[in-house]
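Each value in this text was obtained by applying a stated rule to the coordinates, not by laboratory testing. On a predicted model such as this, the values are computed, not experimentally measured, just so you know. Because the Cβ atoms are built from the backbone with ideal geometry, glycine has one as well, and the counts that use them run over all protein chains shown.
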């Protein structure tokens, strides 16, 4: 079975139900399936074949969903790009993926034109939302092709998505994700489309994020209506839930906080929301407590996972969010709510190991590692970082540290590496440091994460200026803003005389965090 | 009985099937009728 079967199944079970809703327009499962087939035929006629990469540079929209399924039907690999990235970063990802085709949303057309001359791999560029003289037009491709079912040989273990994620070192890493990785999760955890049950999923998490893809695939198999928002905006989110009677939503902690703190929150009817899933970053206890209080009708789920695991591997379920029982039970539940990511899902193994990869006893802190059929087998064209990602016996090192209690609940105990997680987005300190080092006045620099009540963490630059130079914090931050996606830039700068280093010259980030890590 | 969208499991070999087109027949595996599966009690996390 592969992910394109999800669309075929739901189109058979509930053909007349809305598959997608976007800015007032609606497409039923039958219509969506037809459009996907038409696009797949068009892409096939343009030469796209099994194993080719198709990159997508656009905010969430129906065309992103259709393009995924159309590419997948041909056995091609879909590479959704972070639309907040800058030209340099995007060029790197497209070249690394060796994408043959590039889909471009209207607002990114100029960026694409700036990149294309240096991207010899891209043979066709397809614009979405506007006709461009030098590009193919998505609307034309979908309107002019056959709607017959497309079939091609797709193996369960074939790669279907190439997703880029920030590492702690250097450039983003390509994570190849297989059909069976997603199918394993979906079949184990999601009920298939039913003529009697109608669910509506409001998707604001970007489709370049694995949680967005997971939500999209689960919605398709579940026969759910996928309500798409270009990007998260609090007022629009509240209005959309109310208008479309959304039954479920996935949010990162920063989004949930923004929603419940919104001044007009109480004016909206959100009673349709049955399930709210949160994840991608640590959830402040005050935020989830308040959310449960102001939306007592909703069931909350904390989902923990990462791109390398094809999304969720552990959940803290709705029953763990009901604080009832004896005082002792309530205390236990409150502790879990504050710190636990719950228990592993049935199709994945998770354990805590020491530095040698040996499992540690309960309640002892170690590295969280995972194994299972949907864990990635390695990074795209990167043997070195692949080797570093696994233990000697093949367990994926998640980069998170934690411990496990006597009932199998896993508790987080910070990152095992230097990754900064801001509002659910991973930021590589080293990538930021490379940009800081390119500033003509900077001698050396290091980047750490500092706690932030709204975003979880914010990057802070610790900078040593060249002798005799002066620079303002704003100047340093602006330099980074011009070269990197906006969310990655440092939000504060500390100027120091020198960076602490160990005997072999490595910067001691732990010491920096102790000295400069307070908000 | 409308079986559309229903999952059935073989109690003998564990095979699961999903009905995508309803009909009069019933699902049989290992010489016995397959068991209708109920919706999962825990909502999925997406």
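Taken along the Cα-to-beta-carbon direction at a fixed 7 Å, the label points for residue A:286 and residue A:88 span 3.7 nm. Across segment A:4-231, the relative contact order, built from alpha-carbon pairs under 8 Å that are at least six residues apart, equals 26 percent.
If the segment from residue A:261 to residue A:144 were pulled out straight at 0.36 nm per residue, it would be longer than the present Cα-Cα gap by 37.4 nm. Below 8 Å, C-alpha to C-alpha, sequence gap of six or more: please give me the relative contact order for chain A in percent. Rounded, it is 12 percent for chain A. For chain A, the calculated P(r) over all alpha carbon pairs, in 10 Å bins from 0 to the bin holding the longest distance, is 4, 18, 28, 28, 16, 5, 1, 0 percent. The gain in end-to-end length when the residue A:120 to residue A:407 segment is fully stretched comes to 97.9 nm, 0.36 nm per residue minus the alpha carbon separation.
At R0 = 25 Å, how high is the FRET efficiency between residue A:5 and residue B:35 if r is their beta carbon distance? Nearest 0.05 is fine. With a Förster radius of 25 Å, E is 0.65. Can you give the FRET efficiency to the nearest 0.05 for residue A:452 and residue A:381, using r as the Cβ-Cβ distance and R₀ = 35 Å? It comes out at approximately 0.50.
Across chain B, Cα pairs under 8 Å and at least six residues apart give a relative contact order of 39 percent. Placing dummy labels 7 Å off each Cα toward the beta-carbon, the span from residue A:478 to residue A:319 is 5.8 nm.
Once the Cα gyration tensor of segment A:4-231 is diagonalised, what are the square roots of 5 times its eigenvalues, in whole Å and ordered largest first, as equivalent ellipsoid semi-axes?
Value: 26, 19, 17 Å, ordered largest first.
Which residues in segment A:442-485 place their backbone N less than 11 Å from a point set 7 Å from the Cα of residue A:496 along the Cα-to-Cβ direction? Under 11 Å, as judged by backbone N against the label point of residue A:496, lie A:445-448, A:461-464 of segment A:442-485. Over segment A:420-516, the ratio between the Cα radius of gyration and 2.2 N^0.38 Å evaluates to 1.02. The stretch between residue A:16 and residue A:329 holds 108.0 nm of extra length on full extension. This uses 0.36 nm per residue minus the Cα-Cα distance. Rounded to the nearest 500, the helix-only mean residue ellipticity at 222 nm of chain A stands at -9500 deg cm²/dmol, with each DSSP H run of n ≥ 4 adding -39,500 (n - 2.57).
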